[in-house]
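Just so it is clear, none of the values below were taken in a lab; they were calculated from the coordinates. All of these numbers come straight from a predicted model, not from anything done at the bench. No Cβ is skipped: glycine too gets one built from the backbone with ideal geometry, and neighbour counts run over all protein chains shown.
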Amino acid sequence: MSAKKVRVEFLDGAGQGVGGVTVKASGCAELQTAPTGQAFFLVEDENFAIFANGGEVYKGSLSSLPEKIVFKQDGGSWKAA
């Protein structure tokens with residue numbers, strides 16, 4: 001299978017983007033989210049995971065990938081919306 005673009009977005013409780021979140025996708029380099037709260041990855045593995053600030057926050061497959069994966073701040077952690 002060819003690589004697919006995975007778009008993630010991190011939002012605070014008010015729905016505003018959170019910049020500077022350390023985020024990583026399986027098989028990809030670690031990034032920081034932009035001021036808009038977004039980051040993009042090219043993922044090759046069919047089954048992959050997203051990690052934020054060192055903890056796994058999402059597990060899914062490229063075949064059922066949504067347009068973007070949105071995470072909302074939940075106390076000190078992140079939850080997929």
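A few points about this structure:
- 3J(HN,Hα) from dihedral phi, region 3-8, Karplus parametrisation 6.51/-1.76/1.60, rounded to Hz, x for glycine, proline: 5, 10, 7, 10, 9, 10
- Estimated distance in nm for a label pair at Gln16 and Ala81, the labels positioned 7 Å out from Cα along Cα-to-Cβ: 1.5
- The alpha-carbon positions of the chain define a convex hull whose volume is 77 Å³ per residue.
- When you restrict to C-alpha pairs under 8 Å that are six or more residues apart and normalise by the size of the chain, the relative contact order lands at 32 percent.
- Contour minus Cα-Cα distance for Ala49 and Ala34 (0.36 nm per residue): 3.4 nm
- Put a plus charge on the Cβ of each Lys and Arg, a minus charge on the Cβ of each Asp and Glu, and nothing anywhere else: the dipole of the chain about its Cα centre is then about 120 debye.
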